[in-house]
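Colleague: The structure is given below, and queries will be raised subsequently.
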Amino acid sequence: MAEPLLDRARRAGRRLRVNGDARAHYVICGRDALAYWVVRALLATEFQAGRVRITLVVPERPSSDEPDGRDLQGVEVVRADRLDEVTFRRAGLVGADGLALLHQDDVGNMHAALCAQEVEPRLRLVVRMFNTGLANGVRQIFPDSAVLSDASMAAPAFVAAALGEVAPTHFRHGGRTLYVARRDDVRPTDVVCGVADTRDPQQVRLLPADEGVADLVIAEATGTPPGTELAARRLRRARRRRRPLTVLLRAVRSFATRKIGVAVIVLLAVIGVLGWLNGYAAHEDWADSLYLTLVTTLTGQDPNPDKSAAEQVMQVVLNLAGLALIPLITAVVVDGIVNARLALHSGRIQPERSGHVVVVGLGNVGTRVMAQLCDFGVEVVAIDKLAEPRGGALARRLGVPLIVGDAALEETLQSASVGGCQALVVVSTDDETNLQAALIGRAVNPELQVVLRLFDGHFAERIQQAFGIGVSRSVSYLAAPSFAAALLDRAVIATIPVGRHALLVTEVSVAAGSALDGRPLAAVGRAESVRLLAHARAGQRLDWAPDARLVIVAGDRLTVVARRAGLNALLREAAPPPPEEPVTPAPRQPEE
């Protein structure tokens, strides 16, 4: 820790020489909601204390309708479409304390990091990457760096919601492996603390004052499988075997387009009526009438001038119908072969399933969700507009059927057997498509568990109230605290999603002269805001059951689970007091 502290001291001195501003300076580069929420988290944590300056680098034009932070108050905005040395110098990267590269482009972020190193070699770097396999390479090039994946952080919350269980949040701290579970699923001796009271979905209470009423707890892992694994086992037992006859019927049904099928049916109906009239005019029974109709229609044979006028008219019309029938039969065969091949290639011909999970959108998040569901042994069917989405190769390797189509169309969801699935996880990047797919899925199956990805929290709440879709997640909202903490060089141990809320498990160090220095441990916890998990003196092991009367001293480490606002307040209380402003003596008045 000595070297980073020396680096920070050098950067602080350099800031004073460059612009006379001693505040910590962080540069954030992004173009989507993650940049917005990271800036929000930094502002809530540090800006109010006057200890930080934030510069946001965004493209000239917004890439989508969702906010990216350029309209937030108290933030310096630099507009640039390229992240190069010129842009970083404009953003004041020289002497800055940290740089966050939050674009959804692994290679582009790597190139930007190399450019930033040319401008400021000693820099705290936080990089967003989907391919976390590149993390080791990044750390070798940039020792003071953190490589994070927002998709990896958010995927467990979607998986847990799809399985109808609590988030499979596992973390190891102080020699213990802890996870989130229902109180009824763990032994009382394994409970570490209560997290939330979720018995009323309309009014979830986080960190209630009385831990006994919390049905969601943090427990120590002692060999009992978490609730999500139990749910996955129930799903595996509930799955039905595939039915080949259903596959055949669906293939036949998709053999030709609807227009050609309607034309063939209408023509056959006309031929049937004319054949009956022909047999009636010739006074034939139904068997002879059928025979004469088929021969006349398909071959045009048997001309006979001795027939009555009615028979001759029927025969001519049947011959004309036969001329139209042959091309239609040819069109049906050709169109059917083409459609069948396209349907097989796009995955529209699928067996009827039950108890599976449908994942819409194989982008960063959808790919992670699909992989984790497969790890739990849950059958998955994927839907994406692209024939080769980002997670397409992984889907083929895992044996997950991929249906290429628009999830906002009912026939696409029907191809995935949404009527019999356990859950519909809609995580594409298009909010409109996500909402349409969720509503159509709920219309097909009113009991369907829908996990919906929406950015706007207020909009999600209205959707929940209006349509009864109870689970909606924001990937950026869930991941932003970890990015902000990494930028500030603070370790977030775990993020626990509870509904649309996020609880943070982190370790806070108490500085000398801070507001907490000299106060009892009882002052740390606050109802519905902060809960103390463990305490440790400097150089000692964690105490998981500390005495609330114990006095806090400088250097103590507090492990807490807290809401964002509560953690921000605790960090300010644990921080050292701000330096006193030097008093400039008043100029002396000249003596008369």
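Colleague: Output yes when any residue across the range 159-171 is open to solvent by 30 Å² or more (accessible area, probe 1.4 Å), under 21 Å from Ser482 (Cβ atoms) and small (Gly, Ala, Ser), and no when none is.
Modeller: no
Colleague: Please state which of the following conditions Gly194 fails to meet, knowing it meets all the rest: (1) of a type outside the set (D, E, K, R); (2) open to solvent by 10 Å² or more (accessible area, probe 1.4 Å); (3) at pLDDT 75 or above.
Modeller: For Gly194, the failing item is (2).
Colleague: Hey, among the residues in the range 130-161 that are among the small types (Gly, Ala, Ser) and not in a helix (DSSP H, G or I), which one's nearest to Leu373 (Cα to Cα)?
Modeller: Ser149
Colleague: Still on this structure, I have one more. Which is open to solvent by 70 Å² or more (accessible area, probe 1.4 Å), more than 30 Å from Arg462 (Cβ to Cβ) and at pLDDT below 75, of Arg240, Arg183, Arg187?
Modeller: Unique residue meeting the criteria: Arg240.
Colleague: Go through the range 559-592 and give me each residue that's hydroxyl-bearing (Ser, Thr, Tyr) and either modelled with pLDDT of 90 or more or not in a loop (DSSP other than H, G, I, E, B) (or both).
Modeller: Thr559 - this is the single residue of the range 559-592 that is hydroxyl-bearing (Ser, Thr, Tyr) and either modelled with pLDDT of 90 or more or not in a loop (DSSP other than H, G, I, E, B) (or both).
Yes/no matrix, rows are residues, columns are (1) closer than 12 Å to Arg31 by Cβ; (2) open to solvent by 40 Å² or more (accessible area, probe 1.4 Å); (3) not basic (Lys, Arg):
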| residue | (1), (2), (3) |
| --- | --- |
| Val77 | no, yes, yes |
| Arg82 | no, yes, no |
| Arg89 | no, yes, no |
| Val94 | no, yes, yes |
| Gln104 | yes, yes, yes |
| Gly108 | yes, no, yes |
| Ala112 | no, no, yes |
| Ala116 | no, no, yes |
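Colleague: Right, Thr429: within 29 Å of Asn131 (Cβ to Cβ), open to solvent by 60 Å² or more (accessible area, probe 1.4 Å) and among the polar types (S, T, N, Q) or not?
Modeller: Criteria met by Thr429.
Colleague: Also, quick follow-up: If you check Thr412 against the conditions, is it hydroxyl-bearing (Ser, Thr, Tyr) and part of a helix (DSSP H, G or I)?
Modeller: yes
Colleague: Moving on. With respect to Glu507, determine if the residue is assigned to a loop (DSSP other than H, G, I, E, B) and open to solvent by 50 Å² or more (accessible area, probe 1.4 Å).
Modeller: Spelling it out, it is not the case that Glu507 is assigned to a loop (DSSP other than H, G, I, E, B) and open to solvent by 50 Å² or more (accessible area, probe 1.4 Å).
Colleague: Return the only residue of Gly377, Gly419 being part of a loop (DSSP other than H, G, I, E, B) and either closer than 30 Å to Met129 by Cβ or out of contact with any strand residue (DSSP E or B) (no Cβ under 7 Å at 6 or more places or on another chain) (or both).
Modeller: Every option except Gly377 fails the conditions.
Colleague: Right, next: Using the structure shown, decide if Leu532 is buried (at least 19 other Cβ atoms within 10 Å of the Cβ), touching a strand residue (DSSP E or B) at 6+ places or on another chain (Cβ under 6 Å) and free of Cβ contacts under 8 Å to residues at least 40 places away in the same chain.
Modeller: Criteria met by Leu532.
Colleague: Testing Arg519 on (1) closer than 27 Å to Arg23 by Cβ; (2) modelled with pLDDT of 90 or more, one condition comes back false. Which one is that?
Modeller: Status for Arg519: all satisfied but (1).
Colleague: Within the range 402-412, restricting attention to residues that are within 20 Å of the chain's Cα centre (by Cα) and not acidic (Asp, Glu), which residue is surrounded by the most Cβ atoms within 10 Å (Cβ to Cβ)?
Modeller: Ranking the candidates gives Ala407 first.
Colleague: Just one of (1) at pLDDT below 90; (2) in a strand (DSSP E or B) trips up Val127, so point out which.
Modeller: Result: Val127 passes all but (1).
Colleague: Just the residues that are modelled with pLDDT under 80, surrounded by 17 or more Cβ atoms within 10 Å (Cβ to Cβ) and more than 18 Å from Ser64 (Cβ to Cβ), please, taken from the range 440-468.
Modeller: Correct list: Ile463, Gln464.
Colleague: Kindly indicate whether Arg473 is at pLDDT below 80 and open to solvent by 50 Å² or more (accessible area, probe 1.4 Å).
Modeller: Considered against the rule, which asks whether it is at pLDDT below 80 and open to solvent by 50 Å² or more (accessible area, probe 1.4 Å), Arg473 comes out as no.
Colleague: Oh, and also: Take the residues in the range 40-59 that are assigned to a loop (DSSP other than H, G, I, E, B) and at pLDDT below 90, then tell me which one is nearest to Ala100 (Cα to Cα).
Modeller: Filtering the range 40-59 for residues that are assigned to a loop (DSSP other than H, G, I, E, B) and at pLDDT below 90, the one nearest to Ala100 (Cα to Cα) comes out as Glu46.
Colleague: Right, another one. Looking only at the range 74-90, count how many residues are farther than 16 Å from Leu34 by Cβ, at pLDDT 85 or above and either hydroxyl-bearing (Ser, Thr, Tyr) or assigned to a loop (DSSP other than H, G, I, E, B) (or both).
Modeller: Residues flagged as farther than 16 Å from Leu34 by Cβ, at pLDDT 85 or above and either hydroxyl-bearing (Ser, Thr, Tyr) or assigned to a loop (DSSP other than H, G, I, E, B) (or both) within the range 74-90 amount to 5.
Colleague: Same structure again: Arg368 - would you say it is among the charged types (D, E, K, R), surrounded by 17 or more Cβ atoms within 10 Å (Cβ to Cβ) and out of contact with any Asp or Glu (no Cβ under 8 Å at 6 or more places or on another chain)?
Modeller: Criteria met by Arg368.
The values are calculated or read from the model by the stated rules, or taken from the named source; none is laboratory data. No experiment lies behind these values; they were computed from the predicted model shown. Here the Cβ is made from the backbone with ideal geometry for all residues, glycine too, and neighbour counts use every protein chain on show. These accessible areas exclude ligands, DNA and RNA; they are computed on the full protein's heavy atoms, side chains included. Shrake-Rupley method; radii C 1.70, N 1.55, O 1.52, S 1.80 Å.
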